[in-house]
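Down below is the structure, laid out as structure tokens.
The values are calculated or read from the model by the stated rules, or taken from the named source; none is laboratory data. Predicted, not measured: the structure shown is a model, and the values here were computed from it. Here the Cβ positions follow ideal geometry from the backbone for every residue, glycine too, while neighbour counts run over all protein chains shown.
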Amino acid sequence: MKDLSAKKRIMFAKGDDLYYFTYNILVILDTLNCLNCDKGLYYYEKLSYLIEFVSDKKLLDMLVQITEEKWSPSKSDIHLLQSAYATGLMRRHIITRLVFSLKKRGFLGLDTINDSNKNCVWEESNKLSTSLLKSSLFDYERENVVLLKKLIPRIRTVTLNTLLTKIFSNNGVSIWQD
Amino acid sequence: MARLIIRQLKYDGLRYEYKSPYFKSGLNIIQGTNGSGKSTFSNLLYYAIGGNVEIFNKNSRKKHLEITSDNNNYVKLLIQIDSKIYTLIRFISKNDILVTSEEGDVDLFPVNRSSNAEYIFSDFILEKLGIEPVELAMGPITWKINIKDIFRLMFHDQAPNPHEIYKSPDSSNFISDSKVIRKAIFEVLVGKKFYEYYKALSDLRHAASKREQLKGAADLYKNMVTEINLDNEDINIVFLKRQYNEKKLQIDRLETFLDELNTSIPAPTESLAQLENLKDNLLSLEFKLNGLQKDERSSLEEFGKLRAYKIDLMTEVTQIKKMTYTHEKLSLFSADTCPYCLKEVKREKG
């Protein structure tokens, strides 16, 4: 068993951990009140980029300043946004796998809408213990989601491209076309 | 003064040409009906000796249609001065006259006087006629009598106004039609030698203007002196001497006072040394302060860095806390989770 504990420690690498993504995804869905298919978050790929801002208050504050208070982004601001975009892009396949895995375990619901590319993800609240999501440990993330919701109108339903344009392209970061 | 005879006038252009008969010495009378070209003839004559004929100008309102519409046209005048024959050629609307002498010498003279044309056609013909080119000084301007000016008493086209014996000048200004000029033209034509008189006159004018200048300067100086010397009461020598002695006495007294001051006060060696000490002290303290301030700055910087590091660590710690918490609640993954498909795998004991 000595081996296992060593491996466990390795799994807890900060910022690249499945539990890290899991709690962020669950908090985002819970705070946005995504409880069923109709109220769900469209395009689960968005989660990959949203996690960056939800887990980093400094990055989020910078985004608020340049979008809401119209400060022109400095070189270092653009650089930070660039790395946030790159990280989000790299993580997309992990997030996809995680979402499917969580669906399989029954913690998330996932469905396509009208047989199109449009998909929708929500939390299966009856499967999750309430104490997990209501814990004060996640207040930090919760506040950030509320801020982000104010900053990006219709954050739940906008397409992935619109979200990327609003956060990155409009602030001088060039993005890949999907 | 020499004798000038006009022998023949020729006009030649691409469209029109004209050649006068050879005129004999003495009076020649030209007679013709209206529009037969008497005026054109006299205008061409005047143009050939450097006159300005307004109707030969293309931009003039009453232009001479035949001559202004012709191209490459010129007037050629054969004149005789004493026994020598000269040919003058002037192209229409050009301001140069080409002079060819009997011997075949060819010269080109400008018609108008300018800063870079010192010797013009008028000077040439006056020299040949033996007329001194009279120079007149009018205030700051000097004026040379030209052949055109002399022609004002000799050349008239159409019936002249009986009140104006002088033809009006080609270009009229306050000098060209002044009494002095008219007088000079007349006197030159009458043939008297007035050169020295006019030279003396111009010298007089120059001298007078210089005198005015100097007088002005002197007045200025006088005014300045009276302004400085408001109290310009005459002072006699006795009074000056007394004043001088008083001043001298004052200087002596001041000198003795200065000597006293120099000797009475001892050099403050002790306090100076103290001052030096204090200065050194101050300097070392300032050095110390500088060093401390530097230390303070670097400490603050380090503190800031450490604080940022602490915050980072704290977030990391809380993140790990959250992860373990999630694990406890959900227990989704373990060491046996496949990192790709996220399914549990069974390990075989090796």
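Within the range B:13-32, residues that are surrounded by 11 or more Cβ atoms within 10 Å (Cβ to Cβ) reach partners that are in a loop (DSSP other than H, G, I, E, B) with beta carbons closer than 7 Å, at six or more positions or on different chains, in the pairs B:13/B:70; B:13/B:71; B:13/B:72; B:13/B:73; B:15/B:70; B:16/B:70. Of the residues B:322, B:329, the single one that is touching a Ser or Thr at 6+ places or on another chain (Cβ under 7 Å), closer than 30 Å to residue A:16 by Cβ and either in a helix (DSSP H, G or I) or free of Cβ contacts under 8 Å to residues at least 24 places away in the same chain (or both) is B:329. Do we find that residue B:344 is closer than 19 Å to residue A:137 by Cα and within 14 Å of another protein chain (Cβ to nearest Cβ) in this structure? It is false that residue B:344 is closer than 19 Å to residue A:137 by Cα and within 14 Å of another protein chain (Cβ to nearest Cβ).
Do the conditions hold for residue B:344, that is, is it over 24 Å from residue A:128 (Cβ atoms) and of a type in the set (Asp, Glu)? It is false that residue B:344 is over 24 Å from residue A:128 (Cβ atoms) and of a type in the set (Asp, Glu).
The number of residues in the range B:297-318 being farther than 20 Å from residue A:141 by Cα and of a type in the set (S, T, N, Q) comes to 2. None of B:125, B:85 is over 32 Å from the mean Cα position of the chain (by Cα), within 24 Å of residue B:24 (Cβ to Cβ), modelled with pLDDT of 80 or more and part of a strand (DSSP E or B) except B:85.
None of B:24, B:10, B:38 is more than 50 Å from the chain's Cα centre (by Cα) and among the basic types (Lys, Arg) except B:24. When residue A:110 is tested against the conditions (1) within 11 Å of chain B (Cβ to nearest Cβ); (2) surrounded by 16 or more Cβ atoms within 10 Å (Cβ to Cβ); (3) at pLDDT 85 or above, the lone failure is (1).
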